[in-house]
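Chemist: Shown below is the structure under consideration.
The values are calculated or read from the model by the stated rules, or taken from the named source; none is laboratory data. Values in this document were obtained by computation on a predicted structure and should not be read as measured data. Glycine also receives a Cβ, built like all others from the backbone with ideal geometry; neighbour counts cover every protein chain displayed. Surface areas here come from the heavy atoms of the whole protein model, side chains and all, with no ligands, DNA or RNA. Shrake-Rupley method; radii C 1.70, N 1.55, O 1.52, S 1.80 Å.
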Amino acid sequence: QVQLVESGGGSVQAGESLRLSCAASGGAITTYVMGWFRQAPGKEREFVAAVNYLGTTAYYTQSVKDRFAISRDNAKKTVYLQMNSLKPEDTAVYYCAAEDGLGNISNSPDYWGQGTQVFVSA
């Protein structure tokens, strides 16, 4: 059983940056693809980014490419999401997720975190 705890959310102005962290406990994540999803008010949860178990391949949704960067430190059991040039439309609750497997993360990962709020004002 893996527990995921996100941190680093907050309120920023458009153009600023935030770094989200996701700390895993209860088991190693070395065989897990790790990802970030987000859910804005009134919208469905959507995929944002993922990184394979080695940290060698990253996947992004088009709207955050060139602005966000996902990384992982398996020794620290932590995944990061560096978010630059934030826009008001990035406002959402951001969720960390983990899935045992290769490649990209699915929409039904094995584990979810509780979420961290990001608010971007214009």
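Chemist: So which pairs qualify, if the first residue must be in the stretch 44-63 and on the phi > 0 side of the Ramachandran plot, the second must be surrounded by fewer than 16 Cβ atoms within 10 Å (Cβ to Cβ), the Cβ gap must be under 7 Å, and the two must be at least 6 apart or on different chains?
Modeler: Sorted first by the residue in the stretch 44-63, then by its partner, the pairs are Gly55/Ser71.
Chemist: Could you figure out which of (1) crowded, with 17+ Cβ neighbours inside 10 Å; (2) assigned to a strand (DSSP E or B); (3) aliphatic (A, V, I, L, M); (4) in contact (Cβ under 8 Å) with a residue 40 or more places away in the chain isn't true of Ile29?
Modeler: Ile29 satisfies every listed condition except (2).
Chemist: Do we have any residue at all in the stretch 75-92 that's more than 16 Å from Glu6 (Cβ to Cβ), modelled with pLDDT under 95 and either open to solvent by less than 70 Å² (accessible area, probe 1.4 Å) or not in a loop (DSSP other than H, G, I, E, B) (or both)?
Modeler: No, the stretch 75-92 contains no residue that is more than 16 Å from Glu6 (Cβ to Cβ), modelled with pLDDT under 95 and either open to solvent by less than 70 Å² (accessible area, probe 1.4 Å) or not in a loop (DSSP other than H, G, I, E, B) (or both).
Chemist: Kindly indicate which of Ala50, Ala24, Ala40 is open to solvent by less than 50 Å² (accessible area, probe 1.4 Å), more than 16 Å from Ile105 (Cβ to Cβ), touching a strand residue (DSSP E or B) at 6+ places or on another chain (Cβ under 7 Å) and not acidic (Asp, Glu).
Modeler: None of the others qualify; the one that does is Ala40.
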